[in-house]
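The values are calculated or read from the model by the stated rules, or taken from the named source; none is laboratory data. Just so it is clear, the structure is predicted and the values come from calculations on it, not from any experiment. Cβ sites come from the backbone with ideal geometry, for glycine too, and all protein chains shown count toward neighbours. Areas reflect the complete protein model, heavy atoms only, side chains present, ligands, DNA and RNA absent. Shrake-Rupley method; radii C 1.70, N 1.55, O 1.52, S 1.80 Å.
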Number of protein chains: 2
Amino acid sequence: MPQLYLIRHGIAADRNPQTYPDDRQRPLTDAGVKKTRKIAKRLAELGLQFDHLLTSPLIRAQQTADILHNAKLSPQPEIFPALAPCGPIQDWLNWYNTLPKTSKNGDVAIAVVGHEPDLGQWAEQLIWGEVREKLIVKKAGVIGVNLPDDGEIIGQSTLFWLVPPRFLL
Amino acid sequence: MPQLYLIRHGIAADRNPQTYPDDRQRPLTDAGVKKTRKIAKRLAELGLQFDHLLTSPLIRAQQTADILHNAKLSPQPEIFPALAPCGPIQDWLNWYNTLPKTSKNGDVAIAVVGHEPDLGQWAEQLIWGEVREKLIVKKAGVIGVNLPDDGEIIGQSTLFWLVPPRFLL
């Protein structure tokens, strides 16, 4: 079964229109980098290996993806514009539909780094086919979804993992 | 916010009408005991502390609860008949409604040891108000649900944790 890991970016600098007039440039804090590195190390210890790592174009997400890549969890991250806040899930679905569903490791494993509330809503769409905002996804938290082997994935996927960052440190 | 941890019993002996004419007597295997102990140790390392530990009356669940208790996660387990397979959630709701929602540790934390598909269905009822069987709960897996501070809990709770046992070893 293909697996999708939805990973929220780590702790970033506070929103501040004077320091960061463009919110997309807001970086991870030093503590955010450190914590995200620890989490990436733990994910690697758990045996995770992603065949694809897509990231939101926002700096805080790209930095998070780089940390995952540097922990040898994945190949080079690929910037995916639709992972920006409020991006259209349909773009990702189109990408996914053309993707081979197996890799050298077996069933394909995909990680995406993005934002809340998008990631939780997206997981809910995959699992329940509708959004109710009932999944709690903290910064650097992870959601693991099993996608069906074929056919429609919206409303047909299952949840196998949801983890707050404090349980990955 | 009160927290509810739904914990599935560990790996038990195979169903066998000759060895275990009464399925309720089926115990954990030696490997199941060992693995469940490792998981209990990990839960304690993560800082979990349950104010109440309720268990299904079936032997495999009671053994699992004893292991959690022995790892200093909880007071003595309390046998709760409605946690047997297909038991009525209403009995637990009635118990919960009379329970003080705070403890010496702050908001009350309750763990229940039971069976599938009941635990996953019950979590779905708390979170989404309906059952869709989309949560994967392996043996010795854990679901963590935040219950609202007051009022109705069915369909009003949130999911903060769902973990397969392999990520707790």
Kindly indicate whether any position in segment B:112-123 is over 18 Å from B:SER56 (Cβ atoms) and either in contact with a strand residue (DSSP E or B) (Cβ under 7 Å, 6 or more places away or on another chain) or facing chain A (nearest Cβ under 9 Å) (or both). no
Out of A:PRO85, A:PRO75, report the one residue that is in contact with a Gly (Cβ under 9 Å, 6 or more places away or on another chain) and without any contact (Cβ under 8 Å) to a residue 40 or more places away in the chain. A:PRO85
Count of segment B:118-136 residues which are surrounded by fewer than 23 Cβ atoms within 10 Å (Cβ to Cβ) and in a strand (DSSP E or B): 0
Can you work out which of the residues in segment A:30-58 that are part of a loop (DSSP other than H, G, I, E, B) and under 12 Å from A:ALA109 (Cβ atoms) is most open to solvent (accessible area, probe 1.4 Å)? A:GLN49
So which residues in segment A:81-91 are under 13 Å from the mean Cα position of the chain (by Cα) and under 10 Å from A:LEU58 (Cα atoms), if there are any at all? A:LEU83, A:ALA84, A:PRO85
Exactly one of these conditions fails for B:PRO81: (1) surrounded by 14 or more Cβ atoms within 10 Å (Cβ to Cβ); (2) of a type outside the set (Phe, Trp, Tyr); (3) touching an Asp or Glu at 6+ places or on another chain (Cβ under 9 Å). Give me its number. (1)
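Would you mention how many residues in segment A:139-159 are part of a loop (DSSP other than H, G, I, E, B) and crowded, with 23+ Cβ neighbours inside 10 Å?
3
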Going through segment A:105-117 in order, the residues found to be open to solvent by 40 Å² or more (accessible area, probe 1.4 Å) and in contact (Cβ under 8 Å) with a residue 24 or more places away in the chain are A:ASN105, A:ASP107, A:GLU116
